[in-house]
Every structure is written in structure tokens, then in C-alpha cells.
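K.L.:
First the structure, which I've put down as C-alpha cells, then a few questions once you've had a look.
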Amino acid sequence: MARSRLLQGTPAEHGYAFPAEWERQAATWFSWPRPEGISFPGRWHTVPGQLAAIVRAIAERQPVCINVPNANWERIVQEQLRAYDCPTRRVRFFHIPTNECWCRDHGPAFVVKCGRGGARRLAVVDWGYNAWGGKYPPFDADDAVPTRVAEALALPLFRTDVVMEGGAVDFNGAGCVLTTESVLLNRNRNGGLSRRAAEEILRKWYGQERVLWLGEGIEGDDTDGHVDDLARFLDARTIVTAVEDDPHDPNHRVLKENLRRLRLLRDAAGMPFDLVTLPMPKRVEREGQRLPATYLNFLFVNGALLVPTFGDRRTERPVLEALQQLLPDRQVIGIDCSELIWGLGAIHCLSQQQPAV
């Protein structure tokens, strides 16, 4: 296996920053779920088909990298993909074991440095990972993934013990990071960081200028409130956010408060953002449990936006049409995630983008 070089200091000190998700990508990373995992209790057999649909849509546009424990599992996943008409020509497997499949949170955070003549360099940040506040042990294999990926790709590595999850942050590519108090200031992550300390970490380790705070997350989200279920950047100036019109739904108050906060936010130049609201899908439950279904858990890939759907005919088509109008240069594709949401996540939660250099 190739070796990575451990860099001292922070990414910002070396000129690295986390790019916007819509920038050109070299690949998309996944960690494939296994039946002995806890993410899909009693329903693991329903998951490969919907995962294959996501991989197929991505592989038409860029390479896909999949973490599996070993060669035997590589063969199993290849067979699963082919069974659901997903070609594997642009799929590359890495023998990197994981506890669970949520690559957005345990996977590598790729940061980019722009050099002379526009040349770009890539590095990996290995944040600490504790399964959303120690909720789902063991998580030692997941915690090791970023370093293993950096070694496999021979990329420079930054390492910190600070706990951070990719779903807790979203970036506009112009110096702003959007996050939530309910995650970053939660005592179950880093002993209860102060707001000031959290902002300093985001500036130094993600290379950002301004931290934008929302409040709480939606009902059913076991991450304590990841921002990728609430509000996302569509470009440097536009934020799309979820709203719930039913005043009796617990999400109504939370999303109304976050919309109020969004209206007060300013970008790095001091300008207000353009805000777009999208409805929540109808309530999704299984075995009496509210699941965190939201259209905001979408994923940018080259030339497309992949949007999770949940069988709500009333809201699905208007949401996809609205996003297509906002992103005329991309194909907006709805992908059924009605089984994947049983794991309390969807497309964005399962994936991690690798920027092109």
C-alpha cells in the first residue's frame, strides 16, 4: 500500500480549504453496508437495489470508489451491482473495512490547495469520529477510514482528534460554512465546545472565513441535527431549505426557526443570501419510528444533482422541477430512497465526493 505524508499544523496554515460540492469531481466514495451492520435492522436485503441505482447514476458521469472489507466482499458487491443493472467498469474497490456505511461522516474530508498557474493539490483531513456521540459502538474501523484512504491514494494527511462529521457542515466555496448548534456544540462530540472554539476549528481545519449557524435538526435524525437534512448551498449565493407547513408536525417549529436564522445570515462579503424553500415529504414511519426523510439530502456529481425521494407524489415532482429550474446546467435526478431511509440517512449521508485536481 502507498504511504501518505502526515502534515503538521492545520489545512488553512498550508493553504488548503474544503471546496464547494458542485466543483468538478474526480470520484464519489461509498462504504458498502453489510448484513452484520446495525444500520438496516431486518431490511438489509432491500438496500442493495437502491444503492445500485445511486451508483449507476454516478458511474455514468464519474468514477465510483467503494470501501469493502476484503476480496470476497468485493466479489459480492460486484454481483449485487450487476444484478441491478449497474455496470462496474467505472467502479473501483478498496479493501478498507468499516463498521457501517455512512461515508459522509466517517469518510475522508478532501481539501484542496490552489498553487501557481492554477495547479491544484489534494489532501485528506482525518477528523475524529465517534458514531454521533458514541451512540453506535464499535466505530474503530470507521474512525480509521480517512487515513486508510489517504494511504491508498498517496495523499498528504492532516490528523486531529476533534470529532467532526461531513453531514454536519455544508460549504459555499466562497469562504462560508453552514452548520448547526445541536451538533457542533453538543457535549457528546467534543465535551461541549464553545461557539468561539468551534468557529476557530472550522476556520483552521476547513479553511473557511465565516461560520453560519442554524439551530436544531429534524425529528428522527439520530445525528442530533445534521445540516444536510435542513439547508444546503446550491451555489455561493443561494441556500435551499426545508419547510413544514403543518403546525402540528414537530418539524414545523424547528424549520421555521432555521428559516428565520437563514434570513439574518450574511456571506463573507456581508451580503444576504438568496433563499429558496422546499416542502418536506409526507411523514415517513416504520415500526412506529419517525424517519428523517428530506429532499435536502441530495448529492452533487458532475453534471447532475441526485435527489432522494420517498414516494410522496404531492411534493416530489414540484421539488424536482424547482431544483431543475434552479440548476439548468445539471440534470436533476430523483432516486427512490424509501428503503435506505430505514438506516436514518439517504444519498448525501452515504457518499463523499473527491474533488478533481
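Bear in mind that the values in this text are calculations on the coordinates, not laboratory data. The structure presented is a predicted model; accordingly, all values stated were derived computationally and were not measured. FYI the Cβ positions are ideal-geometry reconstructions off the backbone, even for glycines, and counts take in every protein chain you see.
K.L.:
Over the chain, what is the relative contact order in percent, taking alpha-carbon pairs closer than 8 angstrom and at least six residues apart?
P.N.:
22
K.L.:
Enumerate lysine pairs in segment 12-351 that are 8 or more residues apart or on different chains, then count those whose Cα atoms are under 30 Å apart.
P.N.:
Working: K113/K204; K135/K204; K135/K256; K135/K282; K256/K282.
Taking the Cα cut-off of 30 Å, the pair count is 5.
K.L.:
Which GluC sites (Glu not before Pro) in segment 279-357 sit in a loop by DSSP (not H, G, I, E or B) and have at most 15 other Cβ atoms within 10 Å of their own Cβ?
P.N.:
E287
K.L.:
Taking the convex hull of the Cα atoms, report for segment 281-357 its projected area averaged over all directions, in nm². Please report the intermediate quantities before stating the final value.
P.N.:
Working: hull surface 21.3 nm².
Taking a quarter of the hull surface, the average projection is 5.3 nm².
K.L.:
P(r) tail for segment 1-152, what percent of Cα pairs lie past 18 Å? Mind dumping the intermediate values first?
P.N.:
Details: 7133 of 11476 pairs.
That tail contains 62 percent of the Cα-Cα pairs.
K.L.:
Taking N as the number of residues in the chain, what is its Cα Rg relative to 2.2 N^0.38 Å? Kindly include the intermediate steps, with their values, before the conclusion.
P.N.:
Working: Rg = 18.9 Å, N = 357, 2.2 N^0.38 = 20.5 Å.
Ratio of Cα Rg to 2.2 N^0.38 Å: 0.92.
K.L.:
How far is it, in nm, from the label point at R290 to the one at E321 when both lie 7 Å from their Cα along the line to the Cβ?
P.N.:
2.9
K.L.:
If you keep only loop residues by DSSP, which GluC sites (Glu not before Pro) in segment 18-58 have at most 11 other Cβ atoms within 10 Å of their Cβ?
P.N.:
Listed in order of number, the matching sites are E36.
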